[in-house]
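Note sheet for the following structure.
The values are calculated or read from the model by the stated rules, or taken from the named source; none is laboratory data. Worth saying up front: this structure is predicted, and the values here are computed from it rather than measured. Glycine also receives a Cβ, built like all others from the backbone with ideal geometry; neighbour counts cover every protein chain displayed.
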Amino acid sequence: MKKFLEIFFITLGVIFFLIIIVGVYLFVADPYGIKPFIKTFTSPATSTTTKAGTTTTVKNPLINAQQEAALKAVGIDPAKLPTTITPAMEACFTAALGAQRVAEIKAGAAPTPVDMFKAKGCL
């Protein structure tokens with residue numbers, strides 16, 4: 001019985017060690033892009049004052065607060081998005097989302113996660 005317990009605990013120790021090694025590799029190499037979900041990065045933001053006297057931060061001049069919140073909800077940093085939209089990018093968005101949906105987003109509608117998934121290649 002002693003020999004069985006010894007082998008059992010050594011096996012568990014080796015498995016635990018391998019799990020730690022794989023976890024460190026996944027964190028350092030980040031092959032699946034999980035670091036942004038684990039670690040938040042600070043980025044420069046401009047601050048504005050609203051009617052109620054509270055200060056809000058605007059990280060991208062092309063989007064409103066509702067759109068910024070929708071982007072943050074799916075893990076996209078609005079400060080890293082381009083501040084100008086080229087005609088080629090707009091054509092790509094139109095091809096991916098459709099002209100009506102692009103017009104709605106330009107008018108201030110918040111993009112859905114499906115919209116962001118479809119148009120991620122355009123950025």
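From the list 95, 103, which residue is at pLDDT 85 or above and over 19 Å from residue 121 (Cβ atoms)?
Numbers: 95 fails: over 19 Å from residue 121 (Cβ atoms).
Checking each option against the conditions leaves just 103.
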Practice problem: Could you tell me whether the stretch 82-89 includes any residue that is touching a Phe, Trp or Tyr at 6+ places or on another chain (Cβ under 9 Å) and modelled with pLDDT of 80 or more? | Solution: yes
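Of all residues in the stretch 65-78, count the ones that are closer than 13 Å to residue 123 by Cα and in a helix (DSSP H, G or I). Please lay out each step first, then the result.
Narrowing the stretch 65-78 to residues closer than 13 Å to residue 123 by Cα: 76-78.
Next, from what is left, pick out any that are in a helix (DSSP H, G or I): 78.
Adding up the residues that qualify gives 1.
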